[in-house]
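S.K.: Here's a structure for you.
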Amino acid sequence: MLHFLEQFVDNDEDMEFMPLVSIDDEDANPDNEQPEYNEEIPILPLRNTVLFPGVVIPITVGREKSIKAVKEAYRKDKYIGIVSQKNSDIEDPEPNDLFKIGTIARIVKLLKMPDGGTTILIHGRDKFTVENYTSTEPFIKANFSVFPAQKTPKTREFKALITSMKDLSMQIIDLASNIPPEMAMMLKNMDNPEFMLHFISSNLNITIEEKQELLEIDDITERIQQVLNHLATELQVAQIKNEVQNKARHDMDKQQRDYYLQQQLKTIQEELGTNENGTDTNDLLDKAKKKQWTKESKEAFDREFIRLQRMNPMMPDYSTTLNYLELLLDLPWHEYTKDNFDLNRAQKVLDKDHYGLDKIKQRIIEHLAVLKLKNDMKAPILCFVGPPGVGKTSLGKSIAKALKRQYARMSLGGLHDESEIRGHRRTYIGSMPGRIIQLLKKAKSSNPVIILDEIDKVGSDFRGDPASALLEVLDPEQNTTFHDNYLEVEYDLSKVMFIATANTLSTIHPALLDRMEIIHVSGYSLEEKLSIAKQHLIPKQLAEHALKSKHIKLTDAILSKLISEYTRESGVRTLERRIAALMRGIAKSVAMEEEYNPKITPKDVERILGLRRHDTEMYTNDNPPGVAVGLAWTETGGDILFIETSLSKGKGGLTLTGNLGDVMKESATTALSYIRAHAQQLGIDIDVFETTNIHLHVPEGGIPKDGPSAGITMLTTLVSALTNRKVKPFMAMTGEITLRGKVLPVGGIKEKVLAAKRAGIKEIILCQANQRDVEEINAEYTKGLAFTYVKDMIQVYNLALV
């Protein structure tokens, strides 16, 4: 009995098993006498099944009321009323949701399962009808009456019906492959017609409503006829299903016969020397002998090669297996390039390819030094984080060049399918290995430098989560046995140097972030951009436009004009496009043999590029009260933003516009609360808050804005508007505020400072704790900027307001 329970106990909702006879209970009550029941009985509602008298089934009890009812019944006389629900979707059924007629059952066993659930083994005894429900809490109870036992007819017609029912059941058991043959033996040994009827009714493949209808039929002869109708339908279905299976089996036998004949034909062709595929397999075998295999890969190749030789070339699987073998041969098992750990040379390569970024270069050299001393690639995975166009991807290329390793790049932007990382299983049509294995095949080396570009833009949907698949790739403790679904052989990635790039850390999976060592790559200052333009961008664009240095002269003044008036970025991509536009203008004159002045003037710049795109004077003008300049950090680097406040007569409402995020809105509310609390100290009439509407706006409403760093700017613009005092010109500020008026530090200081310098700002107010961030910036880049460090808001508006 327990073995049966373990086999079927987890199937609570769909009772797809054969109920058993409870021999123990029948022995205990040989005369089948009706036991004495209490007047009131606990009710257990069942979903998706109907219990018939004499039948034993296991039930997993999960609902709280049901568990209480079972425990109460088991504690007293072990009898419980089993009724079926009219609608199985109802989680907490009321009396109206239950059928009136059910079966009284005896709880044979009550088991606590390992997962904490409760399972009972119940034996149906007598059919009953509910007279009235006495309570619904803590579980359903009801008064009931038991149907009197019916005498079995002794007529020939009745015996004929019983025999027909048994014969139809035996035929269905013979045809159905999912019904164990022991069921036939059980049916043969059943002498009690009523129990046989209940047993077969319980196992019919019909709806709950139809089973309930059978239970409610009182006349046994009528019930048998209904069961015969259902059995006849089931037999027809089983016969049709059997015919379909026989036809499929015949088709399979034909395929096997064709395969056998093809193999004989292949043998004959080999004897005659006309086998066309022999050359292909011989070439594979020759390559395999020269290959340096791992043990697992060699076993996989041998196994699949033997399978290929036995296969008919016309079969679809032939090309799939052939492609798999070619992949195994193309992969660089135990093939490595020799590392060049000449750190002085590496330093020269980095300096030649990238201007500035001294701290980044120093960190890379330190990383390479550790690898040289340790001679083991199980080191942290590097992740370069910074705005676009600052050289993150090209840094990785320079590292590969410095180490003399193969270079491969994998763009992860917009990647949604996990199979792109781990590959598809070979059972699918058009399956292929993942991108990691493909890159190794392309690099022809097991220790290349692989750039995982834009790792912060990996997506996830119903096809899987590629970020989770990357966890195995980027973990030095796990990637020694990287599993590709297509390859099905573990590959050692521990010698691969992975370098990831990202614009922001906020969208990277935390577990993935934990596996990487973050190196922040900041934006360039005007001086750095000037040097990059002269050393890298101009020579590159001259070569791309087939021009020589004599054809065009770009002075520092012109380059500075391009940087400050035609670009606003942390990197140099837009600057390169502007230089390319000038080159095209000169190339046209050279190609058409026109006379022109090679020295580019400001007028030439405006003629070719149009009027200046960015006006720095707008940030330094003498603004009216209620306007302050803040500093912001974006994925593209630092930026300048205005925060404006206007006052109007009203009832003291606060309106916030400019596509602001929740954090920014909270900063504005905090600032206004602080001003209300310190109105007297600020010289503001407290009544103004009840009679004045305040509107705070951040321009460029099409761009979403969020973060706490505009806190002190918001408070300053509100105080400026309410006191009618202007904010000093040429001044910007950034910092978070608290309700107590404290100024807290914020991030992205270098990008914000460089943005202020580009905009012509002369004075910046920062939190005292951000002083160390400013000191890390090269002093040449902060020339002309005055920094004031504050701890609370009193210092801010005393410094900022005229």
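The values are calculated or read from the model by the stated rules, or taken from the named source; none is laboratory data. Predicted model, so just to flag it, every value in this text is computed and none were measured. We place every Cβ from the backbone using ideal geometry, glycine too, and count neighbours over all the protein chains shown. Side chains included, ligands, DNA and RNA excluded: accessible areas come from the protein's heavy atoms. Shrake-Rupley method; radii C 1.70, N 1.55, O 1.52, S 1.80 Å.
S.K.: How big is the charge dipole of the chain about its Cα centre, in debye rounded to the nearest 20, if each Lys and Arg gets +1 on its Cβ and each Asp and Glu gets -1 on its Cβ?
M.R.: Rounded to the nearest 20 debye, it is 5040 debye.
S.K.: So for each of 122-129, 187-194 I average, over its residues, the number of other beta carbons within 10 Å; can you give me the resulting order with the highest mean first?
M.R.: 122-129, 187-194
S.K.: While we're looking at this one, here's another question. Quick one: angle between helix 392-403 and the longest Cα principal axis of the chain, in degrees between 0 and 90, rounded to 10, please.
M.R.: Tilt relative to the chain: about 90 degrees.
S.K.: Right, another one. Just to be sure I understand, if you calculate volume of the Cα convex hull per residue in Å³ for this structure, which of (1) 161; (2) 301; (3) 231 do you get?
M.R.: Computing volume of the Cα convex hull per residue in Å³ and matching it to (1) 161; (2) 301; (3) 231 gives (2).
S.K.: Based on DSSP H runs of at least 4 residues, each adding -39500 (n - 2.57), what is the mean residue ellipticity at 222 nm of the chain after dividing by all its residues, to the nearest 500 deg cm²/dmol?
M.R.: That comes out to -13000 deg cm²/dmol.
S.K.: For the chain, with every protein chain kept in place, what is the accessible area per residue (1.4 Å probe, Å²)?
M.R.: Per residue, the chain has 51 Å² of solvent-accessible surface.
S.K.: For the stretch 655-802, give me the percentage of DSSP beta bridges that are antiparallel, rounded to the nearest 5 percent.
M.R.: Roughly 25 percent of the beta bridges in the stretch 655-802 run antiparallel, per DSSP.
S.K.: For helix 295-309, what angle does its Cα long axis make with the longest principal axis of the chain, in degrees from 0 to 90 and rounded to 10?
M.R.: 60
S.K.: Here is a follow-up. What order, most packed first, do the peptides 317-325, 682-690 have when packing is the mean number of other Cβ atoms within 10 Å of each residue?
M.R.: Peptide ranking by packing, descending: 317-325, 682-690.
S.K.: Could you grab the relative contact order for the chain? Cα pairs under 8 Å, six or more apart, rounded to a whole percent.
M.R.: Reported relative contact order: 7 percent.
S.K.: Another question, then. Suppose accessible area is computed on protein heavy atoms with a 1.4 Å probe; arrange F144, F730 from highest to lowest.
M.R.: F730, F144
S.K.: Rank T669, T294 by accessible area, highest first, at a 1.4 Å probe radius?
M.R.: Largest accessible area first, the residues go T669, T294.
S.K.: Name the trypsin sites (Lys or Arg not before Pro) in the stretch 326-380 that are in a loop by DSSP and that have at most 15 other C-beta atoms within 10 Å, would you?
M.R.: Passing sites in the stretch 326-380 are K338, K378.
S.K.: Can you tell me how much longer the chain between L505 and S589 gets when fully stretched, taken as 0.36 nm per residue apart minus their C-alpha distance, in nm with one decimal?
M.R.: Extra length available between L505 and S589 comes to 25.6 nm.
S.K.: Sticking with this one: Sorted by average packing, counted as other Cβ atoms within 10 angstrom per residue and highest first, what order do 774-782, 135-143 take?
M.R.: Highest to lowest by the protection proxy: 135-143, 774-782.
S.K.: Which of the lysines could a cross-linker bridge to K372, judged by Cα under 25 Å and excluding same-chain residues fewer than eight apart?
M.R.: The qualifying lysines are K338, K348, K352, K359, K361, K392, K397, K401, K404, K444, K495.
S.K.: Follow-up. What angle, in degrees between 0 and 90 and rounded to the nearest 10, separates the Cα long axis of helix 64-75 from the longest principal axis of the Cα atoms of the chain?
M.R.: Value to nearest ten degrees: 40.
S.K.: Return the percentage of antiparallel bridges among DSSP beta bridges fully within the chain, rounded to the nearest 5 %.
M.R.: 60
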